[in-house]
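Every number in this text was worked out from the coordinates using simple rules, so none of it is lab data. The structure displayed is predicted, hence computed values, not measured ones. All Cβ positions, even for glycine, are placed from backbone atoms using ideal geometry, and neighbour counts span all protein chains on display.
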Amino acid sequence: MTREVRGGHAMTEEQAEFVRLARDFAAAEIRPRAREVDEADHALPAEIWEKAAAVGLTSFMIPEEYGGGGVTDLVTQCLVQEELCHGDISLGNLTTSAGFFAAPVLELGTEEQKRRFLTPLCSGVPPLTALAVTEPGVGSDAAALTTRAVHDGDSYVLNGQKAWISNGPFADLFVIFATVAPGTRSKGITAFVVPRDAAGLTIGRPMPKTGQRGIACAELFLEDVRVPVADRLGEEGQGFRGLMRTFDASRVLIGAACTGLSRAALDATLAYAREREQFGMKIIEHQAVAFRLADMAVKVDVSHLVTMRAARLFDAGESITQEAAVAKLTASENAMWCAWAAVQTHGGWGYSREYLVEKWMRDAKLEEIEEGTSDIQRLIISRSLRS
């Protein structure tokens with residue numbers, strides 16, 4: 001059976017069930033806690049994480065053979081992500097963060113590694129995980145990372161520093177990217193799974209952030225961290241390929257997350273504009289406000305459509321580097337605009353903490369920066385046009 005949904009996408013009954021689960025969870029558990037978590041100074045919202053795990057939302061994207069929900073297609077993942085982030089983009093991203101760790105394991109790992117590292121993520125109270133690429137001097141140019149991995153017998157010795165690692169303060173497992181051949185850029189990049197308690201790994205304090213405080217970030221300091229060869233994902237030099245495939249999918253998922261935020265901003269602004277009166281009428285009857293709402297609605301639909309196009313192409317096995325960049329660029333900039341429009345329409349109340357719209361504006365800004373800034377997305381798109 002199929003059912004038509006917004007954007008003309010026909011969902012299977014299974015997809016519809018996952019979407020309903022995500023929508024109900026977001027309404028009952030995520031939205032009501034959003035303000036509290038935002039003001040909690042980057043503390044781990046463990047109760048939300050545990051409740052999400054109990055209903056399968058932290059592991060729905062992991063294959064069934066490892067205990068997960070088996071939702072391995074990107075289209076369904078995006079539909080779920082959008083609903084969770086309609087509740088709150090920070091907590092929605094936290095809920096599905098295991099998928100970010102799982103992606104390079106699935107792409108590069110052996111069958112033994114997949115069972116060893118992914119099965120615990122599907123347990124009753126799963127461990128938190130993180131992906132460590134960014135460094136203090138390396139952001140958008142991931143091929144330039146300098147964290148070093150030296151092969152020494154049956155292990156590797158890692159030295160370096162990572163920054164802005166999501167879930168870093170609380171993660172139990174990390175996929176850390178390092179180079180085995182400094183100066184060769186992508187050719188030497190290799191991925192390793194490293195536990196939190198590895199000797200020589202020091203985790204910094206939560207880094208202060210403007211928004212998305214539901215996911216705490218930290219620096220990692222690696223000083224002679226020994227990692228068994230058995231915990232290397234793929235062969236030496238294969239890490240960058242796995243990372244880029246991960247980025248393609250994650251950028252599309254960011255598109256879905258941003259669409260959820262944009263929808264939330266539109267819904268809240270519509271509700272406010274229908275109630276607020278100025279100059280003897282509801283403000284939605286003023287053309288300036290009505291046109292702004294119309295632009296918000298258009299941007300929500302465009303974000304959804306370009307995201308779903310990229311997801312369908314990914315599921316079909318196509319190379320989607322350009323389409324992923326289009327989805328990420330479009331949806332993130334639309335989210336920032338919609339959040340701005342929500343604040344503008346709420347006026348002075350939008351600038352206060354009385355409403356969530358000011359938080360959403362702070363949250364949205366991150367999406368124009370993480371996983372490749374808007375400038376990087378434009379660079380990717382422009383290069384594809386020249387080829």
> What span do the alpha-carbon atoms of region 20-119 cover on each of the three principal axes, reported in whole Å from largest to smallest?
Replying inline: 41, 28, 19
> Which value results when the Cα radius of gyration for region 129-237 is divided by 2.2 N^0.38 Å?
Replying inline: 1.01
> Which FRET efficiency, nearest 0.05, do Ala230 and Ile369 yield, Cβ-Cβ r, R0 51 Å?
Replying inline: 0.90
>> For region 240-386, I need the span (max minus min coordinate) of the C-alpha atoms along each principal axis, in Å, sorted largest to smallest.
In response: 59, 25, 24
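If you stretched the chain out fully between Ala27 and Ile381, how much longer would it get, using 0.36 nm times the residue separation minus the C-alpha to C-alpha distance? Please report the intermediate quantities before stating the final value.
Values: separation 354, 0.36 × 354 = 127.44 nm, distance 3.60 nm.
My answer for the length gained is 123.8 nm.
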>> Set the bar at 31 Å for Cα to Cα. Now go through Lys187/Lys209; Lys114/Lys162; Lys162/Lys187; Lys187/Lys328; Lys114/Lys359; Lys209/Lys328 and name every pair that lies beyond it.
In response: Lys187/Lys209; Lys114/Lys359
> Relative contact order, percent, of the chain when contacts are C-alpha pairs under 8 Å separated by at least 6 residues?
Replying inline: 16 percent
>> Please report the net charge: other residues with Cβ closer than 12 Å to the Cβ of Cys258, K and R +1, D and E -1.
In response: -2
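Take the Cβ-Cβ distance between Gln287 and Tyr351 as r, set R0 to 22 Å, and report the resulting FRET efficiency rounded to the nearest 0.05.
Once the sixth-power term is evaluated, E becomes 0.40.
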> For the chain, what size does the Cα cloud have along each of its three principal axes, sorted from largest down, in whole Å?
Replying inline: 79, 49, 46
> Taking amide H positions as placed 1.01 Å from N in the peptide plane, with prolines and chain starts having none, which residues 5 or more places from Leu233, or on another chain, fall under 5 Å of its amide H?
Replying inline: Ala191, Phe192, Val193
> Mind checking which aspartates and glutamates have their C-alpha under 15 Å from Lys51, skipping anything on the same chain fewer than 8 residues away?
Replying inline: Asp24, Glu29
> Net charge near Trp49, counting Lys/Arg +1 and Asp/Glu -1 over other residues with Cβ under 13 Å of its Cβ?
Replying inline: -2
> Hey, how many Å between the Cα centroid of region 194-263 and the Cα centroid of region 108-136?
Replying inline: 11 Å
> What net charge do the residues around Phe240 carry, taking every other residue with its C-beta under 9 Å from that of Phe240, with Lys and Arg at +1 and Asp and Glu at -1?
Replying inline: +3
